[in-house]
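Right, one structure below, let's go through it.
Each value in this text was obtained by applying a stated rule to the coordinates, not by laboratory testing. Since we're looking at a predicted model, the values are computed, not measured.
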Amino acid sequence: MTTWLNDVFAAPKPIIAMLHLSALPGDPGYDTEAGISAIVDRAKGELAALQAGGVDGVMISNEFSLPYLTQTEPITAISMARIIAELLPDIAIPYGVNVLWDGRASIDLAVATGAQWVREIFTGVYASDFGLWNTNIGEVARHRHRIGADDVKLLFNIVPESAQYLADRSLQSIAETTVFAARPDALCVSGLTAGAPTDTQSLKIVKNAAGNVPVFVNTGVKAHNVAEQLAIADGAVVGTYFKEDGVFENRASLARVQELIGAVRDFRATL
C-alpha cells in the first residue's frame, strides 16, 4: 500500500522515535535553576543517540509536563518552539511534534517549527486521569486550514493512554467512523501508558478498519516484539524502549536504539 509515508520516510514501516523534553517552564517539575539551556543540552544528546542509532523519524514532545493539560498554557508551546529552534541545525531526519494533550497547540507548533506531522487525541470524549476530556475535530480541522497547515499530517491516537472512551462502542466502529468523518492521516493504537504493550488484537482490529489510512503501533514496542507488531502495523512510535534500561525517565541509549533498529532491519529484509 502506497501512502504519504512513502514520500516522507526513506524506509518502509518507519520507526518514529520520541524525543521527550524535560519539564518546561510552567510545569510542576521544571528546574528553574538549570533553566531552558539544560533542557536543550539533554535534548541534543538524546537526538544524537536516536539519529546515530538509525531511526527513521523523530517526534518531539513535552512528555515530562506531568500532569498533563487538555488545553495547554501558551508558555508550553512557546518554550517548545524555542527549544526546537536550537535543535533544528542538528535534525537530519523527518520530524513531528506533540504538545500533550492539546491538538490545536500541536498544529500551531508544527507550523512555527516546520514539523511534518503531529500526534494527538483529536476525536472522542473520555473519562481520563486529567478529568473529563472532550475534543472537537471540526474546530481543529478548521483551525489547521485557517493557519495554512493543510500539509501538516495528523496522527490520531484513537486508544488514548490514561483514559476510557465514554460511549459504549467497539474499537472497530470507532476506527471506521473516525476514518470516514474525521479524515485522519494516520491512526495510532496505544497501551495503557507510555511504554505499556499495545494489544495485538486491538492493532489488528484498527488495521482492518482503517482502509488506506496508515496505522502506527504507539506504545510498548520492543526489540523482541517489533517484527510481530510491524507485521500488522505500517510503522511504530517508540519512546520508552530507547531509554537507558528501558526506564521512562532516563535518557535515550544508543545501544538500545541500535538493538531495536537492528531487529527492524532484519524484519524489513523479509518484505
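Find how much the distance from residue 162 to residue 176 grows on full extension, using 0.36 nm per residue of separation minus their present alpha carbon separation; answer in nm with one decimal. If you can, show how the numbers build up before the last one.
Numbers: separation 14, 0.36 × 14 = 5.04 nm, distance 2.24 nm.
Difference between extended and current length: 2.8 nm.
Quick one: grab Rg to one decimal and Dmax as a whole number for the chain, Cα atoms only, in Å.
17.3, 51
Taking amide H positions as placed 1.01 Å from N in the peptide plane, with prolines and chain starts having none, which residues 5 or more places from residue 60, or on another chain, fall under 5 Å of its amide H?
Here the answer is 19, 96, 97, 98, since their amide H atoms fall under 5 Å of that of residue 60.
What is the distance in Å between the Cα centroid of region 193-250 and that of region 41-88?
Using only Cα atoms, the two centres lie 20 Å from each other.
Taking the Cα atoms of region 18-67 alone, what are Rg (to one decimal) and Dmax (as a whole number) in Å?
So, for region 18-67, Rg and Dmax equal 11.7, 35 Å respectively.
Full extension from residue 145 to residue 231: what is 0.36 nm times the residue separation minus their Cα-Cα distance, to one decimal in nm? Let's see the in-between values first.
On the way: separation 86, 0.36 × 86 = 30.96 nm, distance 3.43 nm.
The residue 145-residue 231 span can extend by a further 27.5 nm.
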